[in-house]
Every structure is written in structure tokens, then in C-alpha cells.
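Q: Sharing a structure here in C-alpha cells format.
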Amino acid sequence: MNQSFNSLTEELRSVAQELLREGKVNMFIGFGQGTLTARTTPLFISKPDAAAALTWSPFCSNNLAGYLLDYRETNETIGVLVKGCDSRSIIRLLQDNQFPRSRLVVIGIPCAGLLDSEKVTLELGPQTEIGDVTDEDDNFLVSTTTGQHRFAKKDYLLPKCLECIDSNPVICDHFTGKKINIGEVNERFVEIKSLEALSPQERSRYWDGYFQNCLRCYACRNVCPACNCRECIFDQAGPDWVSKRNNLSENTAFQIIRALHVAGRCVDCGECDRVCPVNIPLRHLNQKVLKDIDELFDAPMPGTDLEQQPVLGHYCADDPDEFK
Amino acid sequence: MEPERISLSWISGSEGAKFSQTVTEITEKINSLGPNKKMRDNQ
């Protein structure tokens, strides 16, 4: 396919500029260049000329759909850039009436996977500046100030991207670039199956090792588009369901409650996992829930279809399970 | 946590005997397991 990311960036900039100039959106949320190698940052622009600062590359990892929640109470029309995985968040937010469709313009972009910026930075060194990136199917060819580097997707993509099911957005008003087909992807839930095969004691040891490090910084909650309660249980002074003490018991309760609170709303965008400062594999918790949804409800990944009722958000009289 | 400590039963408002029996069974099981060590750091 050999699609150049610079050409997609150009197309994206003109789409954003046009939307802002014509007043179809008051604000456009996209990506801008970060200050470090292989990093991008969310960019909020409200003037057409500022669209020149937008960028698109395999380092645009943030799920920007979550920022819509910050504009729930405004009258602004928001344009938001989404990859396939992020677009599932858009659908779930619309299904839950968390944001009005009339104030939303979705700009979709095809994504052949995101490069792990930490791994790439280790390889390139922190001083290297990254230029254009070309998708060569099995590799990304990255032009830098120190020459061209090839990164094999199987070694350098984020884990979630190796199991990608939506390389093209599932909902969008403007599509940037051309639809892509990334071909075969890895089997889903392989790690979850091996965790399920452990004894309760072994599984407890696995999670205790991570949860004892939890800082209770709530970065996982704050970044999560599915975490959209107006008042969060973890902020309430009472009742004291979970104390604010930082110890293994309370940290474990916090993480389990959070995973179950977003059950049916989590679309596996992997943002919690990405932002965790102590590297707790939070996707494993959410993926266990997603695996159960897949097996127990025989339902697709949440956020895949706007018309399909959310698994935990509807009732049907011909439910196959009886009241026992 | 030991899986035996967790139980889920569907009991309707009209099934008093079933409720009583279920609670008795769970209480006996928990007593035989002894005190829970996990998730008790606050105590």
C-alpha cells in the first residue's frame, strides 16, 4: 500500500481547515507534534490557520474521543479525529447519550497500527527527529535526521494493534485517505486464556505483584472515554466503598470495581494500559471482560455497531437464560 | 480470593425457604474456610 503519512497529514490539515473556515465545527481535536522523539500530543484548534500544526503518524496513540466529555455542557460543535479503535468509543458515547450527534463531526483515518514509541525511542535515541513515515505492509519505514530506519510491525507495534479488528473507523463523517486492509491479525485473548488457566493462588500472585505498585493516581480513570459518570465512586466521601488508603486490598478493590464499571462500555482502546505510570497490564483486566462478553453474550466488540443495543444496556423477553 | 467464598444465587421474593437454606449453606461453607486473609489490609 505504501501510503505516506505526510500525504495523509496534508489531507487531514485541509479537511480540518475547511471545517473550521466554513464554521461546521467550532473546535477540531487532532494530534500535534510532541516535544520528544516518537511522541505526539492532543491538539485543540479553533482557528483555520492553526490546522497547519496538525500531524498524523504511527505515534498518534491517544484516543481523542474521551475529550468530547469535556465539551458535554457547552454549545460547541466539535470535530474529532479517530482511528478505528477510537471510533468504537464514539459509538458507545452516542449510544449512552453522552454527547449529542448534532454537535459532533467525526473525522476518520485508516490506521495500520501504532508503533510503540518507547521501543522506537530506545532504538533511535532521544535526540533524533522523525520526518515522514511510509507504510510498507510488514514494516514502517521511518525517515529521521540519522537516516532511514525500518521497524517490523510484528516487533514494534503496540500489543493492541497486533490484534486490531478495526483498521478503518466504524463511524465517521469525513474519511481521510483510503480504506485499508491490514490482513491477518493475531488471535485475540491469547494472554487472557493463559491467565484463566492459572490456579486462583497463582493468578492472585500475578495481580498482587502489579496492584501493590498502584499509585491510585487515577490516570486510567481520567483518560478513559468509558469512565463518564458525573460523580465517580472513587471521589465520593461516603459511603466508604473503597477507602483512599494505598494498600494492596484497596488498590485491588479499586481496579476490579473500575474494570466492572466500564464492562460493556470498554472498547479496548488500551488507553488505561498506555498511561499507567507503573505499567499495570490493565488491558488484561478489560480483555477478560471483553472475552466474557464475546462468549457469554455472543455479542461483538462494544462500539462496533451503532444500531446494536449495548450488552448490559438492554432487556429482551426471549433471553436464553431463565430466572433460576 | 478462594472461589468458594463467592456465591451467586437467584432467589425471588416469594422463595423464603430457598433464601434461608442458601444462607445457611453459605454460612457453613464460610465457617469451614476460616477467616479471609485477602483484601483485609484496612483491618
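Q: Would you confirm, using the coordinates I've provided, whether A:Pro300 is within 25 Å of A:Ser204 (Cα to Cα) and either surrounded by fewer than 17 Cβ atoms within 10 Å (Cβ to Cβ) or in contact with a Ser or Thr (Cβ under 8 Å, 6 or more places away or on another chain) (or both)?
A: Numbers: within 25 Å of A:Ser204 (Cα to Cα): no; either surrounded by fewer than 17 Cβ atoms within 10 Å (Cβ to Cβ) or in contact with a Ser or Thr (Cβ under 8 Å, 6 or more places away or on another chain) (or both): yes.
Spelling it out, it is not the case that A:Pro300 is within 25 Å of A:Ser204 (Cα to Cα) and either surrounded by fewer than 17 Cβ atoms within 10 Å (Cβ to Cβ) or in contact with a Ser or Thr (Cβ under 8 Å, 6 or more places away or on another chain) (or both).
Q: Considering only residues that are in a helix (DSSP H, G or I) and aliphatic (A, V, I, L, M), look in segment A:175-196 and name the one that is farthest from A:Lys154 (Cα to Cα). Write out each step before concluding.
A: Start the filter on segment A:175-196 by keeping residues that are in a helix (DSSP H, G or I), which leaves A:190-196.
Then keep just the ones that are aliphatic (A, V, I, L, M); that gives A:190, A:192, A:195.
Working: A:Val190: 16, A:Ile192: 20, A:Leu195: 22 Å.
Looking at residues that are in a helix (DSSP H, G or I) and aliphatic (A, V, I, L, M), I get A:Leu195.
Q: Assigned to a helix (DSSP H, G or I), within 13 Å of chain A (Cβ to nearest Cβ) and surrounded by 11 or more Cβ atoms within 10 Å (Cβ to Cβ): is that true of B:Lys18 in this structure?
A: On the way: assigned to a helix (DSSP H, G or I): yes; within 13 Å of chain A (Cβ to nearest Cβ): yes; surrounded by 11 or more Cβ atoms within 10 Å (Cβ to Cβ): yes.
Yes.
Q: Return the total of residues in segment A:73-84 being modelled with pLDDT of 95 or more and either not β-branched (Val, Ile, Thr) or not assigned by TED's automatic domain parsing to the domain that holds A:Val170 (or both). Don't jump to the end; show me each part of the working.
A: Narrowing segment A:73-84 to residues modelled with pLDDT of 95 or more: A:74-84.
Of the ones still in play, those that are also either not β-branched (Val, Ile, Thr) or not assigned by TED's automatic domain parsing to the domain that holds A:Val170 (or both) are A:75-76, A:79, A:81, A:83-84.
Here the count works out to 6.
Q: Right, another one. Residues to consider are A:Glu307, A:Glu250; find the one that is in a loop (DSSP other than H, G, I, E, B) and charged (D, E, K, R).
A: Working: A:Glu250 fails: in a loop (DSSP other than H, G, I, E, B).
Every option except A:Glu307 fails the conditions.
Q: Within segment A:221-249, can you find the residues that are within 14 Å of chain B (Cβ to nearest Cβ) and of a type in the set (Asp, Glu)?
A: First, pick out the residues of segment A:221-249 that are within 14 Å of chain B (Cβ to nearest Cβ): A:240-249.
Residue satisfying the conditions is A:Asp240 alone.
Conditions tested, residue by residue: (1) over 13 Å from A:Leu282 (Cβ atoms); (2) surrounded by 13 or more Cβ atoms within 10 Å (Cβ to Cβ); (3) at pLDDT below 95.
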site: A:Asp208; (1), (2), (3): yes, yes, no
site: A:Asn213; (1), (2), (3): no, yes, no
site: A:Ala219; (1), (2), (3): no, yes, no
site: A:Cys224; (1), (2), (3): no, yes, no
site: A:Cys232; (1), (2), (3): yes, yes, yes
site: A:Asp235; (1), (2), (3): yes, no, yes
site: A:Ser243; (1), (2), (3): yes, yes, yes
site: A:Gln255; (1), (2), (3): no, yes, no
site: A:Arg258; (1), (2), (3): no, yes, no
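Q: Assess whether A:Asn181 counts as being surrounded by 15 or more Cβ atoms within 10 Å (Cβ to Cβ) and either in contact with a Lys or Arg (Cβ under 9 Å, 6 or more places away or on another chain) or modelled with pLDDT under 95 (or both).
A: Judged against the criteria, A:Asn181 is not a match.
Q: Across segment A:197-220, what is the number of residues that are hydrophobic (A, V, I, L, M, F, W, C), within 14 Å of another protein chain (Cβ to nearest Cβ) and assigned to a loop (DSSP other than H, G, I, E, B)?
A: 2
Q: Taking the residues in segment A:74-105 that are out of contact with any Ser or Thr (no Cβ under 7 Å at 6 or more places or on another chain), among the β-branched types (Val, Ile, Thr) and not in a helix (DSSP H, G or I) as candidates, determine which candidate is farthest from A:Asp138 (Cα to Cα).
A: Residue satisfying both the conditions and the ranking: A:Thr74.
The values are calculated or read from the model by the stated rules, or taken from the named source; none is laboratory data. Worth saying up front: this structure is predicted, and the values here are computed from it rather than measured. Quick reminder, even Gly has a Cβ in these numbers, built from the backbone with ideal geometry, and neighbours come from all protein chains shown.
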